[in-house]
Amino acid sequence: MTRISSVSLENATDVTRPLLEGVQKKIGFLPNVFRVLAHAPVVLSHYVQSSAALGKTSLSAQEKESISLATSQVNGCDYCLAAHTLFAGKSGFSQQEILSAREGKLDNYALLARQITETRGHLSSEQIAVARAAGIDDAKIIEVIAHVASQTLTNYLNNVALTDIDFPAIDA
């Protein structure tokens with residue numbers, strides 16, 4: 001049972017309604033996570049703007065999905081795992097690649113995201129050296145950190161709210 005209700009478009013404030021309508025237009029429907037975020041207009045606005053900015057990083061769509069899947073797996077967010085399983089499939093991942101990304105084994109981005117999330121950012125010098133040796137330069141390390149932080153926001157929100165999952169079900 002949901003602990004924080006979602007806000008309908010009809011009940012959205014004048015501040016949140018345009019943001020929610022923009023999300024709905026971009027994605028094709030209005031995911032419940034945004035409807036829950038609508039309770040806090042500043043946070044919804046921040047998340048929408050942050051997501052747009054992170055969409056412009058040097059990371060590919062698949063690298064971003066790999067990061068989202070690994071982070072959501074560590075944080076135990078069933079909502080985000082369902083959402084990013086769908087998005088990863090649309091970016092070209094096979095079901096096996098999705099499972100591998102969740103475990104941090106698909107690529108060096110999934111591994112780095114998993115390590116950052118598990119250690120809460122306290123990486124060893126060796127872990128950073130491995131990332132660099134794999135071609136993840138300092139700019140990309142920072143971009144991975146930003147994606148992990150953004151993903152962690154929605155992971156924690158959904159875990160606290162018990163947001164109703166409105167994406168296709170996935171195998172645990």
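The values are calculated or read from the model by the stated rules, or taken from the named source; none is laboratory data. Source: prediction; values computed, not measured. Glycine gets a Cβ as well: all are built from the backbone with ideal geometry, and neighbour counts include every protein chain shown. SASA here: full protein model, heavy atoms, side chains in, ligands and nucleic acids out. Shrake-Rupley method; radii C 1.70, N 1.55, O 1.52, S 1.80 Å.
Observations on the structure shown:
- Only aspartates and glutamates eight or more places from Lys105 in sequence, or on another chain, were considered; those with a Cα closer than 16 Å are Glu63, Glu65, Glu97, Glu118.
- Carbon and sulfur %, accessible surface of region 99-172 computed with the full protein complex present, 1.4 Å: 57 percent
- The chain: relative contact order as a whole-number percent, Cα under 8 Å and 6+ apart: 31 percent
- Max mean-square fluctuation residue, GNM over the chain, Cα-Cα springs under 10 Å, options Glu65, Glu126, Glu103: Glu126
- Å² per residue, accessible surface of the chain at 1.4 Å: 52 Å²
- Taking the centroid of alpha carbons for each part, region 130-144 and region 75-128 are 15 Å apart.
- Helix content alone sets the calculated 222 nm mean residue ellipticity of the chain: runs of n ≥ 4 DSSP H residues at -39500 (n - 2.57) each, divided across all residues, give -20500 deg cm²/dmol.
- Cβ-Cβ FRET estimate between Ala129 and Ala52, R0 fixed at 30 Å, reported to 0.05: 0.40
- For the pair Glu10 and Asn159 in one chain, pulling the backbone fully straight at 0.36 nm per residue adds 51.1 nm over the alpha carbon distance.
- The chain: angle of helix 78-90 to the longest principal axis, Cα-based, in degrees nearest 10: 70 degrees
- Cα-projected label distance for His122 with Glu103, points at 7 Å along beta-carbon direction, nm: 2.7 nm
- The chain: most fluctuating residue of Lys90, Lys56, Lys64 per GNM, C-alpha cutoff 10 Å: Lys56
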